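Comments concern the structure below.
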Amino acid sequence: MDSANGPEVALGTSLQPGSLAQVVRRIADEVAGPASGQVDLEARFPEQALTALKSEHLLGALVPSNLGGLGATIRDMATACETLAQRCASTGLIYAMHQIQVHCLIRHSRHNALLRHYLTQLSEQQLLLASATTESGVGGDVRTSLCSVVLEGDTFLLEKSAPVISYGVNADAILVTARRAPDAASGDQVLVLCTRDGTSLKPTATWDTLGFRGSCSEGYQLRARGPAAYVLPDSFALISALTMLPTSHILWTAVWLGIATDAVNRARAYLRAESRKQPGRMPPGALRLAQAVSSLQTMRATLQDALQEYESTMDDPDALSAMGFALRMNNLKIAGARLVVEIVSEAMHVIGIAGYRRDSRYSVERHLRDAYGAGLMISNDRIYGANAAMLLVAKDA
Amino acid sequence: MRDEIRSIVQRHGRLGVDMSSLSDEADLYDAGLSSHASINLMLALEEHFDLEFPERLLRRRTFESVAAIQSAIEELSSARTSSP
């Protein structure tokens with residue numbers, strides 16, 4: 001990287017505070033943003049942005065430095081996701097989904113030398129991870145699997161009908177849920193690292209959607225084989241509770257916060273320009289902007305609160321398995337997905353027709369389309385259902 | 001009490017295996033106890049033993065085995081009898 005164009009960051013060693021955020025900001029502004037229109041229009045993978053992220057070693061950002069990564073924190077990743085999503089929500093979402101998988105691998109591979117080695121490979125080669133947790137026929141319940149791992153000596157075999165694998169064909173490996181064995185219960189799941197060399201993907205569903213079009217969340221029939229050691233040692237129930245659920249809700253909400261923040265910034269810029277044209281007169285959208293900014297602050301505070309709780313309990317499995325924690329993380333997701341639609345919609349009303357247009361510098365039409373994905377790609381109604389069940393026994397939450 | 005707990009787990013746990021094949025110490029989550037089924041299990045235990053699990057006990061460890069459930073219930077019952 002040319003230092004005249006941006007700050008330099010020491011890679012693979014120790015991370016300078018703030019430098020990661022600056023590098024991500026530059027990639028968002030100079031690469032992800034300019035490509036975002038075409039990515040959305042063509043519903044294509046944001047290749048340029050991911051290439052730029054790889055060139056700055058950012059796919060291994062969460063990996064500890066002794067395994068070749070940058071040793072960044074979940075808080076750093078939340079900031080990065082928000083920054084990327086301000087310019088290209090699909091890029092932000094892909095980066096978030098990748099880091100969620102990386103975090104699961106880091107935290108649940110401790111006594112597995114082969115998986116630890118894979119993490120060093122991931123850092124060295126900047127490998128991209130995807131996820132296949134949903135399955136056709138289980139009604140969207142990620143904690144239930146029909147497919148199962150079959151072990152043949154030191155090799156695992158796995159076949160899964162996955163209605164959605166975001167950026168599946170662009171990923172170097174996919175973390176796949178499955179029942180532990182052919183005779184295991186539907187909830188007795190494991191998480192399996194399926195690398196590209198042992199995995200085939202037969203397309204079964206396209207991704208031509210309202211928003212998050214660049215996430216390329218297509219459906220596939222997945223067939224994989226690999227070393228038995230690529231079956232993560234912890235149960236998926238544990239991985240989900242301690243890592244995947246909190247990390248997902250935090251990083252997804254960070255992505256939506258990025259969308260909302262940029263929409264509000266556009267509304268602000270629009271109102272500033274309007275009030276300069278007619279000084280002394282309050283533009284009609286000013287009150288709505290105040291409402292949007294208030295909601296944005298609520299959204300940001302909700303994310304910070306969850307982030308803080310996760311950081312302080314991250315190494316306490318007992319606290320992370322508490323029902324109250326799951327409820328609060330679910331509430332983060334529900335609130336974030338609701339608020340992003342509310343805020344972007346408010347911003348569009350502030351801006352008016354210039355926000356509704358696709359060809360205006362104040363356009364927030366893509367923001368609005370992306371925002372609806374927050375409550376639909378992972379159904380808010382399903383999470384409300386889970387919380388409603390937990391509240392039958394929860395006392396304080 | 002163990003038999004009562006075992007029968008409630010059998011009825012509400014929706015395990016993939018029969019309770020008779022599990023020891024009191026066997027991990028119920030590994031046996032297929034889902035988070036959804038665990039809530040029904042908690043409600044059934046509360047009803048049957050006429051008690052309420054306080055928030056601090058609403059965590060994975062409390063319901064991970066028949067033995068763990070029994071110790072939680074015993075703790076709550078003794079607290080009840082010793083209080084005025």
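The values are calculated or read from the model by the stated rules, or taken from the named source; none is laboratory data. It should be emphasised that the depicted structure is a prediction, and the values quoted were computed from it without experimental measurement. Glycine also receives a Cβ, built like all others from the backbone with ideal geometry; neighbour counts cover every protein chain displayed.
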Does any residue of segment A:147-161 turn out to be modelled with pLDDT of 95 or more, within 14 Å of chain B (Cβ to nearest Cβ) and either in contact with a strand residue (DSSP E or B) (Cβ under 8 Å, 6 or more places away or on another chain) or surrounded by 23 or more Cβ atoms within 10 Å (Cβ to Cβ) (or both)?
yes
Search result, residues across segment B:53-70 that are over 9 Å from the mean Cα position of the chain (by Cα) and more than 7 Å from chain A (Cβ to nearest Cβ)
B:R56, B:L57
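Per-residue answers, yes or no, for (1) among the small types (G, A, S); (2) surrounded by 24 or more Cβ atoms within 10 Å (Cβ to Cβ):
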| site | (1), (2) |
| --- | --- |
| A:L53 | no, yes |
| A:L70 | no, yes |
| A:D76 | no, no |
| A:C81 | no, yes |
| A:Y95 | no, yes |
| A:Q99 | no, yes |
| A:S109 | yes, no |
Identify the residue in segment B:10-26 that is loosely packed, with under 15 Cβ neighbours inside 10 Å and in a loop (DSSP other than H, G, I, E, B) and, among all such residues, is nearest to the other protein chains (Cβ to nearest Cβ).
B:D18
Residue in segment A:286-322 that is nearest to B:T62 (Cα to Cα), counting only those that are under 23 Å from the mean Cα position of the chain (by Cα) and within 14 Å of another protein chain (Cβ to nearest Cβ):
A:S321
Provide a single number: the residues in segment B:50-67 that are assigned to a helix (DSSP H, G or I), surrounded by 18 or more Cβ atoms within 10 Å (Cβ to Cβ) and either among the aliphatic types (A, V, I, L, M) or in contact (Cβ under 8 Å) with a residue 24 or more places away in the chain (or both).
4
Quick check on my filter: what residues within segment B:27-49 are out of contact with any His (no Cβ under 8 Å at 6 or more places or on another chain), farther than 20 Å from A:L320 by Cβ, within 9 Å of chain A (Cβ to nearest Cβ) and surrounded by 17 or more Cβ atoms within 10 Å (Cβ to Cβ)?
B:A31, B:G32
Out of (1) surrounded by fewer than 14 Cβ atoms within 10 Å (Cβ to Cβ); (2) modelled with pLDDT under 95, the odd one out for A:I378 is which?
(1)
With the requirement that a residue be hydroxyl-bearing (S, T, Y), touching a Gly at 6+ places or on another chain (Cβ under 8 Å) and assigned to a helix (DSSP H, G or I), what does segment A:320-372 give you?
A:Y372
Restricting segment B:2-20 to residues that are more than 11 Å from the chain's Cα centre (by Cα) and at pLDDT below 90, which is nearest to A:S148 (Cα to Cα)?
B:G16
Quickly run through segment A:280-299 and pick out the residues that are touching a residue at least 40 places away in the same chain (Cβ under 8 Å) and over 18 Å from A:V364 (Cα atoms).
A:T298, A:M299
Odd one out for A:L242, checked against (1) touching a residue at least 24 places away in the same chain (Cβ under 8 Å); (2) touching a Gly at 6+ places or on another chain (Cβ under 9 Å)
(2)
Selection count, segment A:351-397, where residues are within 14 Å of chain B (Cβ to nearest Cβ) and small (G, A, S)
6
When A:A178 is evaluated against the numbered criteria (1) of a type in the set (G, A, S); (2) at pLDDT 95 or above; (3) surrounded by fewer than 23 Cβ atoms within 10 Å (Cβ to Cβ), which criterion, by number, is the only one it fails?
(3)
Can you confirm whether segment A:209-223 contains a residue that is part of a helix (DSSP H, G or I), among the β-branched types (V, I, T) and away from chain B (no Cβ under 14 Å)?
no
